[in-house]
Amino acid sequence: MGPVLSFRDFVDMLRRRAWLILLVIAVGCGLSVVAAKEAKHKYRSTEVIQVTQPKIEGEATRDPNNTEDTISRRLQLIEQRVMARESVLAVIEKYGLYADLPALTENEKVDLLRTSVRIDGLQNNGSSDGWVSVLTVTAEMPTARQAQEIAHEFASRTIELSNESRLDKARETLAFFTAREETLREHISRVEDELAAYRKDNAVALPGTLEIRRSEITSINNELLDISRQRIQIERAADLSRQNDMPATAARKQSDFSEQLTTLEAQAELLRQRKGELEASLQSSPEVDRRVGAYDHELEQIRAQLQEASARRTDAEVAYRLETQAQSERLTVIEPASLPDYPFTRSRKKLALVGAAVSVMMALGLAFVLELRKPVMRTPAHMERDLGIRPVVSIPYLDTRSRRRRRRGNDKAA
């Protein structure tokens, strides 16, 4: 049980600990006044940026290299670049921030400015792909002018970096797919040269010449058939000449027939050689067929990749033109940073009053703690409450020290 159970006990405690309470209140109020005077006001200014959608809708307005990219991710990267150490130091030097705090190091100044500037994005409620429709750049500075200037500076840097990053990305994407397309064309040319050399080394006919060679073989067969007919006719004529003509005439005709047969045989031999060459060129081994098929399959795959790269390069070129003509996604200021009229921090008067109230509470608490540490039964009610015994007589406390002082004073006067 505590020593203060009623209002009278509380008043008695105040009377006994009056000097301690007044001392704590005086010290606390003094410290509160000093803290209020040393406290610095802060002003807040906000610049609002709207994320405008592309003027031309379609696939060309999207990033052909990364369709999953969204404005929220890009803005996170931009915010990191805006809040980079070199960028923050440049802003501090440009506006002469924290010149009244020479003891601060560069790192402390950078951290202080980073905590004073905030970039927030408001996502579009009707979008499910992370589309941010509004950006707010808020600066909290010791003066109203600095708050306005810093908010505008970081908003301008955000817009500039956003435009530069999109333009650079569109340029790099276009260069990438252009180089990709050129590389694939060179690859196709190299594979075609290798295939042509392999066909030549292995006597493999080109696909377009197979029908021509088969037709030529057919023509040779027809010519050989004609030669065979002519030989049969000449041989029958020679037989008839030997049977019916005079020996001298038959001998002369046999000599002519022999020359004709020799000529026909030479023609037939030449045609058979040509036919053999053509038939040999149409025949190839399984390994050669497999290798040629592999070349054809590789060419088919590379041509498909080339077609895709050409389409992506076209999209990248359109996206780059839209960026250069300012027709793609853009950040525009819809509410410039205004000059704040009042600080958002507490006034010095309120801070002093709060400090005074805390001092009073601390003084009363300290007095109560001291009472708890030294509990004394000061009244009959305390004795009856704590011991259960009702006192018969209560002797008031007499301060004999004051009587002794008066007596000593009287003796000296006498």
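FYI, it's all coordinate maths here, none of it is from the lab. This structure is a prediction, so every number in the text was calculated from the model and none was measured. In this analysis, Cβ positions are derived from the backbone assuming ideal geometry, glycine residues included, and neighbour counts consider all displayed protein chains.
With respect to the cross-link table entries K94/K350; K109/K350; K40/K94, which display a Cα-Cα separation exceeding 27 Å?
Correct reply: K94/K350; K109/K350.
Using 0.36 nm times the number of residues separating W19 and Q50, minus their current alpha carbon distance, what extension gain do you get?
Gain on stretching W19 to Q50: 4.9 nm.
Hey, rough spin-label estimate for L240 and A99, points 7 angstrom out along Cα→Cβ, what's it come to in nanometres?
Output for this residue pair reads 13.1 nm.
How high is the FRET efficiency between D193 and Q305 when r is their beta carbon distance and R₀ equals 22 Å, given to the nearest 0.05?
0.75
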